[in-house]
Each structure stands twice: as C-alpha cells, then as structure tokens.
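The values are calculated or read from the model by the stated rules, or taken from the named source; none is laboratory data. Since this is a predicted model, take the numbers as computed values, not measurements. Cβ placement follows ideal geometry from the backbone for every residue including glycine, while neighbour counts extend to all protein chains displayed.
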Amino acid sequence: METRPETRLRTRELTLAYEERTVVHELDLAIPDGKVTVIVGPNACGKSTTLRALGRLLKPKGGAVLLDGEELAKLPTKRVAQNIGLLPQTPVAPEAISVGDLVARGRQPHQAWWKQWSEEDERAVVDAMARTDVTTLADRSVDELSGGQRQRVWIAMALAQETDLLLLDEPTTYLDIAHQVEVLDLVRRLNRARGRTIVLVLHDLNQAARYADHLVAMKSGHVVAEGAPDEVVTADLVRDVFGLDSVVVPDPVTGSPLVVPGAPWSADGVGETEQDEAVRG
C-alpha cells in the first residue's frame, strides 16, 4: 500500500477559475512537510493560480484547500497568516518605505490592539534580516535597492511572520542569473536550517530540478507528474509538458537532471521543425 507524505497543506478536488474560465481542474495535491516543493509547467498551466489558492488569495470554485485538515477558506484570517507566509509574483512596497519598516510588517499577524511591538517581534525581525543578509540595508529606502536586494527584503518580511509554511511565486523573475542563484540558495538554507516547508513556482526547469526535494509538473490545470526530480524529469516529460525535444543528462555539479534542448535551427536544416517545413512549404 502506497504511503502518502506527511502534510499540513493539501488540496482536495480543487477547481479554480477566473470568471467562467476554469484554470485548475479537480486537483489533489499534497505538499510534503519540511521539504522544498517546486511547481513547474508552461505558461497558463495553472501553477501560479494553484499557489495563490494555497495562500488563500483565490477562492476555490470547487473542492478545497486544507490546512491541518480544515478548510482554509473557513479559517480566521489571522490564523492563516500565522501559519502561511506568501510572497506574490510582483509585490509592491509603499512609496519611500525603509527596509526595516517593510520587514517589520511581517509581524502584523502576531499583534493585537492590546499587544503592539514586543521583544519577540524585534527578535523575529532582526533574525529574518540577518538570515537574508539585509541588516546593513535597514535604513535604506526599498525603492533604491537592486532587484536581488529587493527580493531578499521581501523574503525577509515573509520570514519575519515566522510561519512554518512559505509560498513563493516566481521569486527569481526579473533577476539576473547571479541573483537568481543567490535567492534560490537562500531558500535552500532556510529550509535546511529551520525545516520550513517551502513551495516555489519556477519557470526554469533546470533550477527546479536542482533545488527541489519534491517536483510537481503541471499542464492544462492538471498534475502530470510529481516526485523526486530524478524520477520526474525525463525527455518524455519535457516533450509532453513543454513541447520541447531534449536530452536529459546529470548535472555535472549536483547530479540532478539537466535538460539540454535539442539542436537549434540552422540554415542547413539541422534542428528544423515541422513549422519550419510549413514556412518553407
């Protein structure tokens, strides 16, 4: 009998839609506790939509998201914020806010009218800034920062919530390759040091295979495959999900699957596709 992974966060026959357009269809997904889960797939496959529902930013059309066995939609907002931290795709900071003030906003779910800023809040903010290496930026305006610095600050704010579950929607978007690696290494360190459950949506399949403990491949609102990257990432899967001919080889540094695209187009016909033939036609 197959054993299901331990999980605090899961979906049950989850259907998601924007107005009349259904994006995710009866999805059953369990997020393994204490692991880094990465969701991949082509554009408009439903991966970011799924993450938004996991963070209660999108109400299900059918089915449910469950946190500790209870429907997320029925839980008090404060309880959700104390358990799930979410960094959306393009967060917007208030104009001229300082790094320290933005990170401190992560403590709002733990405060009440009779209990404002506390020593525990201070400790959480200092720790979050230290872990993301933004302490020296505390007095600077977020508007002045580079893309990589700004992304680390947003992650610090999410960390300051001190949730066991952290959801990050395409945290490497608009970053150059060095800053992409910097952010993903930070995610890995946070998971390994504190055992946090982290769910990422990524576009880059090779980065996903390198950093994920658990990989979820989606297509047209359904999960096509999930599991350890070396079990999931195959040439057949890449062709099925992304429509790309490729060769999958071991990454020379990590041993994780590395997707090498097929031959590029050239004038002598090498790498020519059916589309090219039709154009010549």
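When the criteria are applied in full, Arg192 fails the requirement of being at pLDDT 90 or above and touching a Phe, Trp or Tyr at 6+ places or on another chain (Cβ under 8 Å). In segment 10-24, the residues that are under 10 Å from Thr49 (Cα atoms) form Cβ pairs under 6 Å with partners that are of a type in the set (Val, Ile, Thr) and not in a strand (DSSP E or B), at six or more places apart or across chains, as follows: Leu16/Thr49; Val23/Thr49; Val24/Thr49; Val24/Thr50.
For every residue, the table says whether it meets (1) assigned to a loop (DSSP other than H, G, I, E, B); (2) over 17 Å from the mean Cα position of the chain (by Cα); (3) buried (at least 18 other Cβ atoms within 10 Å of the Cβ); (4) modelled with pLDDT of 90 or more.
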residue	(1), (2), (3), (4)
Val125	no, yes, yes, yes
Asp143	no, yes, no, yes
Gln151	no, no, yes, no
Thr163	yes, no, yes, no
Leu167	no, no, yes, yes
Thr172	yes, no, yes, no
Ala178	no, yes, no, no
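Checking each residue in segment 183-200 for being surrounded by 18 or more Cβ atoms within 10 Å (Cβ to Cβ) and charged (D, E, K, R) picks out only Arg196.
Within segment 1-38, if we keep just the residues that are at pLDDT 95 or above, basic (Lys, Arg) and in a strand (DSSP E or B), the residue that is nearest to His214 (Cα to Cα) turns out to be Arg10. In segment 253-268, the qualifying residues are those that are part of a strand (DSSP E or B) and within 21 Å of the chain's Cα centre (by Cα), and the one that is surrounded by the fewest Cβ atoms within 10 Å (Cβ to Cβ) is Leu258. Just so you know, in segment 214-243 the residues that are among the charged types (D, E, K, R) and buried (at least 16 other Cβ atoms within 10 Å of the Cβ) include one that is farthest from Val199 (Cα to Cα), and it is Lys219.
When segment 80-102 is filtered for residues that are in a helix (DSSP H, G or I), over 21 Å from the mean Cα position of the chain (by Cα) and surrounded by fewer than 18 Cβ atoms within 10 Å (Cβ to Cβ), only Asp101 remains.
Just one of the listed residues (Ala209, Ala225) is touching a strand residue (DSSP E or B) at 6+ places or on another chain (Cβ under 8 Å), over 21 Å from Asp133 (Cβ atoms) and part of a helix (DSSP H, G or I), namely Ala209. Against the conditions (1) part of a strand (DSSP E or B); (2) hydrophobic (A, V, I, L, M, F, W, C); (3) in contact with a Pro (Cβ under 8 Å, 6 or more places away or on another chain), Val247 satisfies every one except (3).
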